[in-house]
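*Asks:* I am attaching a structure below and will ask some questions about it afterwards.
Each value in this text was obtained by applying a stated rule to the coordinates, not by laboratory testing. Bear in mind that the values here come from a model prediction, so they are computed numbers and not experimental data. Using ideal geometry, Cβ is built from the backbone for each residue, glycine included, and neighbour counts are taken over all protein chains shown.
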Amino acid sequence: MRAMAEPLAVALDFVVPAHQAGAKYRTPATIDTALAQDLARRLDRPLAPVDAGAAKLAITTLADGGGRPASTTIIPLDYRSAPMAIMRTDSSIRRWAHLRGRTVCLAAGGGHRGELGDRHGAIEIVHASLTEALVALRIGECDAMVHDSPILEELLRFPEWKKFSRRLSARPDSTLALMVPDGDPEMVERATDIADAWRSDAFTDALVELTARDVAFEVYVEQEVPDCH
């Protein structure tokens, strides 16, 4: 009998809670988890996602101009993003400054908690999933919803989101990356090859499209009241 391979510990900015029996499945708010799953699959090891900082191998978002950990190889992935806000097309919000005192819905796993309050004086309402945050926007529980720009741009391609297509966008200011300890040259080489394969296959683009499609469907199924007018 083949011995089970050692689990691959991958640190993520947000570890998606294990799905509980009987609970509604929710698509992760970002593509990080799917990337970690594919990384482990290609390395033929079971995945063990852990909180950021709990493992030396990581998939994380790095802000432009930010510091880089010592003794670590950074492998940028083909995914650059910035916070993006979407709201109803008839919203009075025209600039980021207009979020002051307004309610903004966020997904717990989206990575933007605290930013809107600190930078723009918004009132943040954090939801357990991207699906719940978007449903809240549609039924009028918040004035805007903020998330990664690639995923929201893809979501707005669907016709049912036309009424919520007013947006505040910014120039991409962060990059998703693999971080691998320099002391593990074999892992550095294999991770680099995998990242190259992802780029060649436009894998991150495919994950963005899949995430937006699945979340749009979950919102459609979940929404039981008409959009606010």
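*Asks:* How long is the gain from Ala52 to Ala97 if the chain were fully straight, where each residue apart is worth 0.36 nm and the alpha carbon distance is subtracted?
*Replies:* 13.1 nm
*Asks:* A further question on this structure: On a 0 to 90 degree scale, rounded to 10, what angle separates helix 203-222 from the longest Cα axis of the chain?
*Replies:* The answer is roughly 40 degrees.
*Asks:* Give me the dipole magnitude in Debye, nearest 20, for the range 82-171 about the Cα centre, with unit charges on the beta carbon: positive for Lys and Arg, negative for Asp and Glu.
*Replies:* Rounded to the nearest 20 debye, it is 420 debye.
*Asks:* In addition: Take every DSSP beta bridge with both residues inside the range 79-204 and express the antiparallel ones as a percent of the total, to the nearest 5.
*Replies:* Percent antiparallel among DSSP bridges in the range 79-204 is about 55.
*Asks:* Would you indicate which of [x] 23.6; [y] 20.5; [z] 18.7 is the value of Kirkwood radius over Cα pairs in Å derived from the coordinates of this structure?
*Replies:* Given [x] 23.6; [y] 20.5; [z] 18.7, the calculated one carries the label [z].
*Asks:* Extension gain Asp193-Gln37, at 0.36 nm per residue separation less the Cα-Cα distance, in nm?
*Replies:* Extra length available between Asp193 and Gln37 comes to 54.6 nm.
*Asks:* Just going by the charge dipole of the chain, with Lys and Arg at +1 and Asp and Glu at -1 on Cβ, which of Ala34, Ala55, Ala108 is farthest out on the positive end?
*Replies:* Farthest towards the positive end: Ala108.
*Asks:* So in the chain, what percent of DSSP beta bridges are antiparallel if you round to the nearest 5?
*Replies:* 60
*Asks:* If you take the beta carbon distance between Asp201 and Arg119 as r and set R0 to 41 Å, what does 1/(1 + (r/R0)^6) give as a FRET efficiency, to the nearest 0.05?
*Replies:* 0.70
*Asks:* In what order do Ile194, Ile31 fall by count of nearby beta-carbon atoms within 10 Å, going from fewest to most?
*Replies:* Ile194, Ile31
*Asks:* Treating only the Cβ atoms of Lys and Arg (+1) and Asp and Glu (-1) as charged, compute the dipole magnitude of the range 129-229 about its Cα centre; round to the nearest 20 debye.
*Replies:* Using only the charged Cβ atoms, the result is roughly 640 debye.
*Asks:* How would you classify the range 82-171 from its alpha-carbon gyration tensor, with a ≥ b ≥ c the square roots of the eigenvalues: rounded for a/c under 1.5, else prolate if a/b is greater than b/c, otherwise oblate?
*Replies:* Rounded.
*Asks:* Let me ask something else about it. Efficiency by 1/(1 + (r/R0)^6): what FRET value for Ile74 and Lys163, r their Cβ-Cβ distance, R0 = 41 Å, to the nearest 0.05?
*Replies:* The pair Ile74/Lys163 has a calculated efficiency of 0.50.
*Asks:* Using the Karplus curve 6.51 cos²θ - 1.76 cosθ + 1.60 with θ = phi - 60°, what ³J(HN,Hα) values do you get for each residue of the range 176-189, in whole Hz, with x for Gly and Pro?
*Replies:* Result, rounded to whole Hz: 7, 8, 8, 10, 10, x, 4, x, 10, x, 5, 5, 4, 5.
*Asks:* Label point 7 Å out from Tyr220 along Cα-to-Cβ: which residues of the range 153-175 have amide N under 19 Å?
*Replies:* Once the point is set 7 Å along Cα→Cβ of Tyr220, 153-165 turn out to lie under 19 Å by backbone N, inside the range 153-175.
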